[in-house]
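Enquirer: Handing you a structure now.
Just so you know, all these numbers are worked out from the coordinates, no wet-lab data involved. The shown structure was predicted, so the numbers you read here are calculated from the model rather than taken from an experiment. Don't worry about glycine lacking a Cβ; one is built from the backbone with ideal geometry, like all the others, and counts go over all protein chains shown.
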């Protein structure tokens, strides 16, 4: 087992990364109060709920559960309210803990609920997908979608502890494993060319779910994100780099409707568009773009999106949170493995990059 | 005009208190970004919306509005969502400002919306009731109700600036003025015996809406609360004293259904119950209880509540946020003008205090 600490002053917390982790031992020091609400979904709960519930009850805690339907399309205010209903029906109070057992959607919703319930209670994350292990377990971003935009409503809420157990990735569908690898590749592309070399060396073993290599990829990804988040918790600057591929990706997800494409799949194609635009701007070479496409393809991820009318695509991009005073900012690559956030790009070239990566 | 600064480090902000304040001049330094969403209600908007909208547009800002129905019963997740709808339909982004123009309900909802929209945008408060001027303009507590409890869902969100204009109290219904005076009296009872003397001297003029005396009462109340909040922003200790009368009051409000009784009315009767229990515990004298009842009555506030079955009353009290590990804590008076938070009270005496202050 490896342990990574996210350094956030008095909200510093550990991420435990390994296989067959013991939740009773690992969670005990981090559960405040006597009440624990496990929030999970209808896919994950049958697989892992009993394991965690038993372990936490063995610690003498009162455990209640809230099982939501599975899917990004349920990440809305109505389903958020079901968590509040469950907390209040169980009589939970302001020293309770909300534990998220599931992927990014469950983490975002349970985390946001824990931030708002009684104006803030404790939060623990047990991410069960590769994507949530490398992405939502660091950074404290929580929230829900709105029909007019993704993650438009939310809060910054840091967990007490995160348990990332590779054993749980065995049951993950192939598409979801690949979606997680998209975010892993993102860390390499935005700031760590050596990690890109490492991924090129090990991608086939990662796709084959080698647990030791997966743990190493999770550790390196989380360490990378933790360093950025520690410098810039509220996304005033550097943290925005983590959105490489996301502005394009959000447009794809929004147009297709949440849940059609996985978030990681949309980000993968978004990163290809960002790389392509970076090349058209003269910053990275055609070879760099090819290298980007190749590693993404080897992770079984799409490098083109379905045909989307350009006006719709641009409209969804304009709703992105990185719009500042009406001006779109993009995360692009100045060099392969070195991203920047900029509003200095040619909108015409951006349109070309979008059109060049759509299905005919 | 008087100015009071709430000292919260880098989130320090001013409260401007006076009559016929100029919003254009006073707000200009505090509006970030170019977009301002004014959230108001159907009672306040016809009276004051145009005044503020014109002033803010004169600063070159894009103003949009969201007018909610008036009343505590609309302080729910569905109506909160209308603010998010308005923000997204207007295309507002993360550097926008949400301005609350109204009483406590509007302040709580607009403040909570500003805390969650894009994970946090700017917030300005223009409280138009005496209650919200002395209560919700200091402390950063925002939120909504849930069918199972008041203010169960929310966030701590500090405003950039607060404008408390006594001129707007002219249009306030008598009951609401009195409800505001309940919170004013609360500050005297919980920690300032000299302020109680002052209120006994001026209560008739306050009820008659003398603007100079009202401004002084608002200033002293806010200063009192600001000092407590600066010491204890997240309500770990001293801040809980501000809940004098509130645990009893919440039970009254919850039983009657939100909106039947005004919050201040319920708190008034709750303070009488707290004083009575403090006397039964042997801490304050029978004369102190009479003095408490007298000042509350002079403010045209109720000192008994409608008949409520004891089990229901206790059940609602048990849902209070001050329940810690299943134990009810109450704010009581060790001396008149000196409150404490304690779980060391006799539950039987508490029942007697409740029953003694219900209508036959």
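Enquirer: Just counting partner chain Cβ atoms within 10 Å, what average do the residues of peptide B:141-148 show around their Cβ? Walk me through the intermediate numbers first.
Expert: On the way: counts 1, 1, 3, 2, 0, 6, 3, 6.
Averaged over the peptide's residues, the number is 3.
Enquirer: Still on this structure, please answer the following. Output the 0 to 90 degree angle, nearest 10, between the alpha-carbon long axis of helix A:77-89 and the longest principal axis computed from the alpha carbons of chain A.
Expert: Helix A:77-89 sits at roughly 10 degrees to that axis.
Enquirer: What ranking do A:346, A:135 get, fewest neighbouring Cβ atoms within 10 angstrom at the top? Before the final figure, lay out the partial values.
Expert: Numbers: A:346 12, A:135 29.
Result, fewest neighbours first: A:346, A:135.
Enquirer: Let me know the mean shielding of A:113-119 by other chains, meaning the per-residue number of their Cβ atoms within 10 Å of its Cβ. The partial results should precede the final answer.
Expert: Details: counts 1, 0, 6, 10, 4, 7, 16.
Mean shielding count: 6.
Enquirer: Would you work out the relative contact order for region B:166-261, in percent, from Cα pairs under 8 angstrom that are 6 or more residues apart?
Expert: RCO, region B:166-261: 25 percent.
Enquirer: Mind pulling the per residue volume of the convex hull built on the Cα atoms of region A:2-171? Å³ is fine. Intermediate values should be presented prior to the final figure.
Expert: Working: hull volume 17.4 nm³, N = 170.
Value for region A:2-171: 102 Å³ per residue.
Enquirer: Based on DSSP H runs of at least 4 residues, each adding -39500 (n - 2.57), what is the mean residue ellipticity at 222 nm of chain B after dividing by all its residues, to the nearest 500 deg cm²/dmol?
Expert: Numbers: 13 runs with 158 residues, N = 360.
That comes out to -13500 deg cm²/dmol.
Enquirer: Could you give the nm distance between label points at residue A:54 and residue B:327, where each point is 7 Å from its Cα heading toward the beta carbon?
Expert: 3.4 nm
Enquirer: Taking R0 as 22 Å, what's the FRET efficiency between residue B:260 and residue B:174 from their Cβ-Cβ distance, rounded to 0.05? Please list the in-between numbers first.
Expert: On the way: r = 17 Å, r/R0 = 0.78.
The formula returns an efficiency of 0.80 here.
Enquirer: Tell me, what is the percent relative contact order of region A:14-105, built from C-alpha pairs under 8 Å that lie six or more residues apart? It would help to have the intermediate numbers written out before the result.
Expert: Numbers: 101 pairs, mean separation 39.3, N = 92.
Relative contact order here is 43 percent.
Enquirer: Return the percentage of antiparallel bridges among DSSP beta bridges fully within region B:1-104, rounded to the nearest 5 %. Display every interim value, and only then the final one.
Expert: On the way: 5 of 16 bridges.
Of those bridges, close to 30 percent are antiparallel.
Enquirer: Right, next: State the three equivalent ellipsoid semi-axes of chain B, derived from the C-alpha gyration tensor as the square roots of 5 times its eigenvalues, in descending order and whole Å.
Expert: Here the semi-axes work out to 34, 22, 18 Å.
Enquirer: Now, a different point. Between B:212, B:304, B:267, where does the largest GNM mean-square fluctuation fall for chain B, given springs only between Cα atoms within less than 10 Å?
Expert: Checking each option, the largest mean-square fluctuation is seen for B:212.
Enquirer: In what order do B:156, B:117 fall by count of nearby beta-carbon atoms within 10 Å, going from fewest to most?
Expert: Details: B:156 17, B:117 24.
With the fewest neighbours first, B:156, B:117 line up as B:156, B:117.
Enquirer: Counting partner chain Cβ atoms within 10 Å of every residue's Cβ in A:87-99, what's the average?
Expert: Working: counts 5, 7, 1, 0, 5, 1, 10, 7, 4, 0, 0, 0, 0.
The mean count of partner-chain Cβ atoms within 10 Å per residue comes to 3.
Enquirer: Right, something else. Starting from the Cα of residue A:210, step 7 Å along the direction of its Cβ; do the same at residue B:198; then give the gap between the two resulting points in nm.
Expert: 7.4 nm
Enquirer: Something else about it: Which angle from 0 to 90°, rounded to the nearest 10, does the C-alpha axis of helix B:246-256 make with the longest principal axis of chain B?
Expert: Result, in degrees: 80.
Enquirer: Something else now. Nearest 10 degrees is fine. How inclined is helix A:104-116 to the longest principal axis of chain A, computing both from alpha carbons?
Expert: Helix A:104-116 and the main axis of chain A meet at about 60 degrees.
Enquirer: Cut-off 10 angstrom, C-alpha nodes, Gaussian network model of chain A. Which of A:272, A:184, A:207 fluctuates the most?
Expert: Answer for the Gaussian network model of chain A: A:207.
Enquirer: Another question about this same structure. Based only on Cα atoms, what Rg/Rh ratio does the protein assembly as shown have, Rh being taken as Kirkwood's radius?
Expert: Rounded to two decimals, Rg/Rh equals 1.01.
Enquirer: Taking chain B as a Gaussian network, Cα atoms linked when under 10 Å apart, which of B:60, B:18, B:104 shows the biggest mean-square fluctuation?
Expert: Most flexible of the set in this elastic network: B:60.
Enquirer: Sort A:204, A:10, B:192 by Cβ crowding within 10 Å, fewest neighbours at the top. Don't skip to the answer; put the middle values down first.
Expert: Numbers: A:204 11, A:10 4, B:192 18.
Sorted ascending by nearby Cβ count, the order is A:10, A:204, B:192.
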